[in-house]
């Protein structure tokens, strides 16, 4: 299954679960009033409903690759070129996983800053690409050559294989433990 199809399946499951009275699954803090993904007005706590929106204008991944002088694994490029969304999180195997949001107008800029920090912290290397965070504070990374998903314990300098691909993680994510 391709990344975009896995995301479509995930968002359908999220919508079905939200319809069971868990509407918070489609609420996020309002950060920019004009975002394409927002629906309705912000509530009294500053949260606003959102919906995933299939991209019609694609981010310039090539520009990012040129800046960092490397090529992103195709699954990462597909992830950042499929949908705009506020949250993509849930349980995969025994782990709570929160993947990077992809917001309109900021998708590549926020990812660029994430890459800069990761590269600096890893001796100028981008063998692994950060794509999210695990519930115990581990970094969810994509092996940039194989596309495998790994959990990084930065403090220990260790990696644990989690899945064969980002599609596998998204397709098999659950919203309830």
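The values are calculated or read from the model by the stated rules, or taken from the named source; none is laboratory data. These numbers were taken from a predicted model, which means no experiment stands behind them. Glycine also receives a Cβ, built like all others from the backbone with ideal geometry; neighbour counts cover every protein chain displayed.
Just for strands (runs of 3 or more DSSP E) wholly inside the stretch 136-175: which have at least 2 residues that are modelled with pLDDT under 95, surrounded by fewer than 20 Cβ atoms within 10 Å (Cβ to Cβ) and in contact with a helix residue (DSSP H, G or I) (Cβ under 9 Å, 6 or more places away or on another chain)? Talk me through it step by step, then tell me what you get.
Details: elements: 139-143, 149-153, 158-163.
Because the criterion is at least 2 residues that are modelled with pLDDT under 95, surrounded by fewer than 20 Cβ atoms within 10 Å (Cβ to Cβ) and in contact with a helix residue (DSSP H, G or I) (Cβ under 9 Å, 6 or more places away or on another chain), no strands (runs of 3 or more DSSP E) in the stretch 136-175 meet it.
Here is a yes/no grid of residues against (1) touching a strand residue (DSSP E or B) at 6+ places or on another chain (Cβ under 7 Å); (2) without any contact (Cβ under 8 Å) to a residue 60 or more places away in the chain:
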| position | (1), (2) |
| --- | --- |
| 99 | yes, no |
| 104 | yes, no |
| 109 | no, yes |
| 112 | no, yes |
| 117 | no, yes |
| 120 | no, yes |
| 132 | yes, yes |
| 136 | no, yes |
| 139 | yes, yes |
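So, residue 39, is that one under 23 Å from residue 167 (Cβ atoms) and either surrounded by 11 or more Cβ atoms within 10 Å (Cβ to Cβ) or modelled with pLDDT of 80 or more (or both) or not?
On the way: under 23 Å from residue 167 (Cβ atoms): no; either surrounded by 11 or more Cβ atoms within 10 Å (Cβ to Cβ) or modelled with pLDDT of 80 or more (or both): yes.
In short, no.
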For this session: Could you tell me whether residue 129 is modelled with pLDDT of 95 or more, touching a helix residue (DSSP H, G or I) at 6+ places or on another chain (Cβ under 8 Å) and crowded, with 16+ Cβ neighbours inside 10 Å?
Result: yes
Exercise. Looking only at residues in the stretch 49-83 that are in contact with a helix residue (DSSP H, G or I) (Cβ under 7 Å, 6 or more places away or on another chain) and farther than 19 Å from residue 129 by Cβ, which one is surrounded by the fewest Cβ atoms within 10 Å (Cβ to Cβ)?
Worked result: 51
Problem set entry | Any pair with Cβ under 7 angstrom, 6 or more apart, that starts in the stretch 12-27 at a residue that is more than 19 Å from residue 103 (Cβ to Cβ) and ends at one that is not in a helix (DSSP H, G or I) | 13/175; 17/175
